[in-house]
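The values are calculated or read from the model by the stated rules, or taken from the named source; none is laboratory data. Since the structure is predicted, the reported quantities are computational estimates derived from the model, not experimental observations. Counting neighbours? That spans all protein chains shown, and the Cβs are built from the backbone with ideal geometry, glycine included.
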Amino acid sequence: MKLRVACHLSFQIDANTALILMLRPYQGNQQWIIHEHYEVNQLVQVLESRDSFGNACQRLVAPVGDFNIIVTADVRIYHQPTNYEHYFVEIQCLPADILLFLLPSRYCESDRLTVIAHEIIGDALPGFQQVIKIVQWLQATIRYLPGSSEYPLSAIEIYHQGFGVCRDLAHLGIALCRSISIPARIVVGYLEHLEPMDMHAWFEVYIGHQWQTFDPICTDEQAGRVVVAYGRDAADVSVFHQFGSGALLTNMVVTVNRVD
């Protein structure tokens, strides 16, 4: 599958403002970047780096005035078949770099959800079946409401609120999985046919010695996805971080089209 994705950010800059952006598609992990274009409407220095999760980051200082960034990419996606027999990997057998995704993080208070998680999973077999129970519970219990939160909320807050955006449902799913010792991480990227169209968030869990995708919003395994970033929670995968109060995001347009 080949997808053409694009993100157009428009800012009003009142004072020179340092930005760290995370807009380029991830290199690897079942996707191949065929073509990519990154355009900034002002002559600024852009420094490229990768964070500890392998995400591509762009650092710059936005000057006063209208500031626009347009990123487009053609990406070849390789679907990984779902393995319904994926098993729970015991902690002592996990690779060292996976252990981080077992721990509580800023928006995923897994240490406070153990009792709730065990009520949800019941007697499901460890691994894939437990995660399926969690996803089904999220779909039945937490209402997906686009535009309902302007800033990230924690898993506990969403549990009590009962509704949220895709990022919020991902946080709660991650926290529930970690609370039963299943590593989980957030993913931000593009999803075709998302309504309303925007950057999307879902989560992956580490079972059967590989990462597998789960999404309470879209369970269609054939839906096209392009990964931009991975992290522990939303604090690691923000599309942009601004330092100071001089930048105002005035518009964001996201498009995803299949071009096979």
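Points to keep in mind about this one:
- Members of region 193-212 that are part of a loop (DSSP other than H, G, I, E, B) and among the aliphatic types (A, V, I, L, M): LEU194, MET197, MET199
- Scope region 108-125; condition touching a Ser or Thr at 6+ places or on another chain (Cβ under 9 Å) and assigned to a loop (DSSP other than H, G, I, E, B); matching residues: GLU109, LEU113
- Which numbered condition ALA229 misses (of (1) touching a residue at least 60 places away in the same chain (Cβ under 8 Å); (2) small (Gly, Ala, Ser); (3) within 18 Å of ILE120 (Cβ to Cβ)): (3)
- One residue from VAL227, VAL205 being within 29 Å of GLU90 (Cβ to Cβ), touching a Gly at 6+ places or on another chain (Cβ under 6 Å) and surrounded by 17 or more Cβ atoms within 10 Å (Cβ to Cβ): VAL227
- Selection of strands (runs of 3 or more DSSP E) fully inside region 213-260 by the criterion of at least 2 residues being small (Gly, Ala, Ser) returns 225-231.
- Taking the listed residues VAL188, VAL165, VAL254, VAL226, the one that is within 30 Å of GLN12 (Cβ to Cβ), under 16 Å from the mean Cα position of the chain (by Cα) and in the same structural domain as VAL61 (by TED's automatic domain parsing) is VAL254, with no other qualifying.
- From ILE33, ILE120, residue being touching a helix residue (DSSP H, G or I) at 6+ places or on another chain (Cβ under 7 Å) and aliphatic (A, V, I, L, M): ILE120
- Single residue of GLN42, GLN31 found to be polar (S, T, N, Q) and farther than 21 Å from GLY231 by Cβ: GLN42
- Annotation note: of ARG178, ARG106, ARG167, the sole residue that is among the basic types (Lys, Arg), surrounded by fewer than 22 Cβ atoms within 10 Å (Cβ to Cβ) and at pLDDT 95 or above is ARG106.
- Of PHE53, PHE67, all but one fail to be within 23 Å of the chain's Cα centre (by Cα), surrounded by 12 or more Cβ atoms within 10 Å (Cβ to Cβ) and on the phi < 0 side of the Ramachandran plot; the exception is PHE53.
- Test: residue in region 205-218 that is out of contact with any strand residue (DSSP E or B) (no Cβ under 8 Å at 6 or more places or on another chain), more than 18 Å from ALA73 (Cα to Cα) and acidic (Asp, Glu): no
Rundown of residues vs (1) among the polar types (S, T, N, Q); (2) outside any loop (DSSP other than H, G, I, E, B); (3) modelled with pLDDT of 95 or more, yes/no style:
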| residue | (1), (2), (3) |
| --- | --- |
| ARG4 | no, yes, yes |
| HIS8 | no, yes, yes |
| LEU19 | no, yes, yes |
| LEU23 | no, no, yes |
| TYR26 | no, no, yes |
| ILE33 | no, yes, yes |
| GLU36 | no, yes, yes |
| GLN42 | yes, no, no |
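- Some residue of region 85-94 being part of a loop (DSSP other than H, G, I, E, B) and farther than 11 Å from ILE182 by Cα: yes
- Test: GLU192 is at pLDDT 95 or above, surrounded by fewer than 20 Cβ atoms within 10 Å (Cβ to Cβ) and touching a strand residue (DSSP E or B) at 6+ places or on another chain (Cβ under 9 Å): no
- Sole residue being in contact with a Leu (Cβ under 6 Å, 6 or more places away or on another chain) and either farther than 23 Å from VAL187 by Cα or in contact (Cβ under 8 Å) with a residue 12 or more places away in the chain (or both), chosen from ALA56, ALA15, ALA62: ALA62
- All conditions but one from (1) surrounded by 13 or more Cβ atoms within 10 Å (Cβ to Cβ); (2) out of contact with any helix residue (DSSP H, G or I) (no Cβ under 6 Å at 6 or more places or on another chain); (3) not charged (D, E, K, R) apply to THR82; the one that does not is (1).
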